Amino acid sequence: MKKAWWKEAVIYQIYPRSFMDSNGDGIGDIPGIISRLDYLKELGVTVIWLSPIYRSPNDDNGYDISDYYDIMPEFGTMDEFKLLLTEMHRRGIRLLMDLVVNHTSVQHPWFQEARKSRNNPYRDYYIWRDGKNGGLPNNWESIFSGSVWEYDQNTEQYYMHLFARSQPDLNWENPAVRQKIYEIIRFWLDLGIDGFRMDTANMYSKMPGLPDVPGEGLQPASIYYQNGPRIHEFMREMNREAFRHYNVITVGETSNVTPEIALQYVGESRGELNMVFQFEHMGLDFGKDKWDIQKYEPKKLKQVLTKWQNGLAGDGWNSQYLNNHDQPRQVSRFGDDKNYHYESATMLATLLHTLKGTPFIYQGEELGMTNCPFNTVEEFRDVEIFNVLKERASDRKNPPAELMDAICKIGRDNARTPMQWADKENAGFTTGTPWIKVNPNYHAINAQTELENPNSVFRYYQKLIRLRKENPVMVYGSFTDLDPEQKSVYCYRRELEEQILTVVLNLTGEELLYSLPNGVCCKDILLGNYPENILPADGKLLLRPYQALVFICQAVK
Ligand code: TEU
Ligand code: CA
């Protein structure tokens, strides 16, 4: 296993709009981020991934870009961006920017040109089609509900948008488009950033002919636009034209990949990406679709994570994440934010940092921030939520109870409420009116309180990050699932040279007497999330709700 800085990294994701507001307009900004860099330094993270800060009309909060070469005025200026980069590097923190090039905003000048006429030179920058039999060009369903096609009156054709209709897909088949994209990449790399998180990285290549999906009505069509026939060619071209000339990393966001497919992107010899975000564990509580929520079963989480550990063990490298700006808060989804807030937040943190792979922390996770109690549809801000309300509620203001319940559990706004800095107005995020509701639990859950308490979730994260820096076994050690059949306890071993870690995690809120697998080494405790650690007796361990224990020992050779 080759050593690399990004394998040893701990990455922290900032959603700039909700992180810290410096000027009282209710919107987080770059000076706000700079003012909190010391906080992140204290936490110990080594890389920051910034969700998009480019100029955008904010239909999808920056994931709809109208100018790739400029900063969103609400967030600051190019000079402030350069200062941010300098201040980060001065503290030894690297920067990953978000690269959103599957689509642009409708307000991007390319699209403004393209929609002027069918023979405009920019027409072919996007994907245009005639309707079929008086209807849509095909039956693909948008990821954000409804059809992927939007009719353009002026030129009497439809354009494709896998996401919102304000996000037209770029036509990657057009070599001129690809060259423009590589120019953008080189521009930011030349400014000295350290890499990219690549939005929807496996959706650039669509199936030629854009065939219908079998079935009546609109159909999910991801097999026709994810991991498409030319995707690896594009990845390698991007690498050749840009990435390989810099010492930077790339993390591709790739939903619908198996470990086998992921290896085609991240295999060390492939010359494509360094890591991907796989989504299998993000769909464990989905039924028919994401709005049909099922009970989460810990055993399935274990199975998926183990599968990925083994699947990428040889030639690849995993990313580890349990939430981000598109997902509900992990402590609310996989833990118990009411009865065992500290215990479940720290158990999940232990999982994140002791699996093999690079851990990604989403802002506020280190405080155990929870889902937000939304009461009315007026409190939502997310375009995905607006669209599902439009599609599935006859009265958008009063959606059916199950839909409202699903949105409250799984909706993306849960992750986007302001960072909770202190027990003061608006959680210390802004002196003005925040752009989105503040989670009312900020009186109890906030950075100031966490910093004052030596036994807080924050302090636990800090310790995990420190331990990871001190113990190479946490980074490079091999992984073995020691008890795959157990339904509540995740027990695994990490091993590097003579160091062995044994991790025992109670994934549930039940107390249980756990029979340790044979031969497990559990003498010295490296870390635990309960004050009193009871060492195992007779091979049995009494595990409290959401208890996490990490044992360390030297192998006898
Ligand atoms: O997300 C793409 C994606 O496929 C999912 O994360 C999707 O947003 C989610 O399943 C919907 O519930 C990326 C960005 O992370 C997201 O914020 C953007 O909205 C999206 O691309 C479009 O740019
Ligand atoms: Ca601001």
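The values are calculated or read from the model by the stated rules, or taken from the named source; none is laboratory data. As the structure is a prediction and not an experimental result, all values here were calculated from the model. Cβ placement follows ideal geometry from the backbone for every residue including glycine, while neighbour counts extend to all protein chains displayed.
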- Conditions (1) more than 15 Å from P220 (Cα to Cα); (2) touching a residue at least 60 places away in the same chain (Cβ under 8 Å); (3) not small (G, A, S); number of the one not met by N139: (1)
- Message: Could you go through segment 467-474 and let me know if any residue there is more than 16 Å from ligand 2 (Cβ to nearest atom) and within 22 Å of the chain's Cα centre (by Cα).
- Response: yes
- Number of positions in segment 260-277 that are part of a helix (DSSP H, G or I) and either crowded, with 22+ Cβ neighbours inside 10 Å or touching a Phe, Trp or Tyr at 6+ places or on another chain (Cβ under 6 Å) (or both): 3
- Query: Restricting the first residue to segment 103-126 and requiring it to be farther than 13 Å from Y158 by Cα, which pairs with a second residue that is buried (at least 21 other Cβ atoms within 10 Å of the Cβ) and modelled with pLDDT under 95 meet a Cβ separation below 6 Å and a spacing of at least six or different chains?
  - Reply: none
- Query: For segment 356-441, which fully contained helices (runs of 4 or more DSSP H) count at least 3 residues that are more than 15 Å from ligand 1 (Cβ to nearest atom)?
  - Reply: 401-410
- Query: Among the residues of segment 24-56, how many are among the charged types (D, E, K, R), within 20 Å of L189 (Cα to Cα) and touching a residue at least 24 places away in the same chain (Cβ under 8 Å)?
  - Reply: 0
- Do we find that I93 is within 28 Å of Q448 (Cα to Cα) and within 12 Å of ligand 2 (Cβ to nearest atom) in this structure? no
- Mind checking which pairs have a first residue in segment 403-431 that is free of Cβ contacts under 8 Å to residues at least 24 places away in the same chain and at positive phi and a second that is among the hydroxyl-bearing types (S, T, Y) and not in a loop (DSSP other than H, G, I, E, B), Cβ under 6 Å, 6 or more apart or different chains? A427/Y442
- Between a first residue in segment 322-336 that is within 22 Å of G62 (Cα to Cα) and a second residue that is among the basic types (K, R) and within 16 Å of ligand 2 (Cβ to nearest atom), which pairs have beta carbons less than 8 Å apart while being 6 or more apart in sequence or on different chains? H325/R416
- Message: With crowded, with 17+ Cβ neighbours inside 10 Å, in contact (Cβ under 8 Å) with a residue 12 or more places away in the chain, away from ligand 1 (no atom under 15 Å from the Cβ) and not in a strand (DSSP E or B) as the only criterion, which of D59, D64, D21 stands out?
- Response: D21
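A quick yes/no check of all residues on (1) over 30 Å from D25 (Cα atoms); (2) crowded, with 19+ Cβ neighbours inside 10 Å; (3) out of contact with any helix residue (DSSP H, G or I) (no Cβ under 7 Å at 6 or more places or on another chain):
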{"residue": "V377", "(1), (2), (3)": "no, no, no"}
{"residue": "M419", "(1), (2), (3)": "no, yes, no"}
{"residue": "I445", "(1), (2), (3)": "no, yes, no"}
{"residue": "N455", "(1), (2), (3)": "yes, no, yes"}
{"residue": "K487", "(1), (2), (3)": "yes, no, no"}
- Message: I'd like to verify a number: residues in segment 19-47 that are within 16 Å of ligand 2 (Cβ to nearest atom) and in contact with a Lys or Arg (Cβ under 8 Å, 6 or more places away or on another chain), how many?
- Response: 4
- Message: Against the condition surrounded by 15 or more Cβ atoms within 10 Å (Cβ to Cβ), more than 18 Å from the chain's Cα centre (by Cα), within 16 Å of ligand 2 (Cβ to nearest atom) and β-branched (V, I, T), how does I407 come out, does it pass?
- Response: no
- Task: Considering only residues that are among the hydroxyl-bearing types (S, T, Y) and crowded, with 22+ Cβ neighbours inside 10 Å, look in segment 31-56 and name the one that is farthest from I93 (Cα to Cα).
- Result: S56
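Condition check ((1) of a type in the set (S, T, N, Q); (2) under 21 Å from L526 (Cβ atoms); (3) in contact (Cβ under 8 Å) with a residue 24 or more places away in the chain) across all residues:
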residue	(1), (2), (3)
N310	yes, no, yes
W317	no, no, yes
H341	no, no, yes
S344	yes, yes, yes
M347	no, yes, yes
T350	yes, yes, yes
T354	yes, yes, yes
F360	no, no, yes
- Query: Does segment 69-77 contain any residue that is closer than 22 Å to N274 by Cβ and in contact (Cβ under 8 Å) with a residue 40 or more places away in the chain?
  - Reply: no
- Message: Quick check on segment 243-255. Is at least one of its residues under 18 Å from Y204 (Cα atoms) and either part of a helix (DSSP H, G or I) or without any contact (Cβ under 8 Å) to a residue 24 or more places away in the chain (or both)?
- Response: yes
- In segment 182-205, what residues are within 15 Å of ligand 1 (Cβ to nearest atom) and surrounded by fewer than 21 Cβ atoms within 10 Å (Cβ to Cβ)? D199
- Restricting attention to segment 235-259, and to residues there that are more than 30 Å from D289 (Cβ to Cβ) and among the β-branched types (V, I, T), which single residue is surrounded by the most Cβ atoms within 10 Å (Cβ to Cβ)? I249
- Query: List pairs: first in segment 165-177 and without any contact (Cβ under 8 Å) to a residue 24 or more places away in the chain and farther than 14 Å from P109 by Cα, second more than 16 Å from ligand 1 (Cβ to nearest atom) and assigned to a helix (DSSP H, G or I), Cβ under 9 Å, 6+ apart or cross-chain?
  - Reply: none
- Query: Can you tell me which residues in segment 142-169 are within 13 Å of ligand 1 (Cβ to nearest atom) and in a strand (DSSP E or B)?
  - Reply: D169
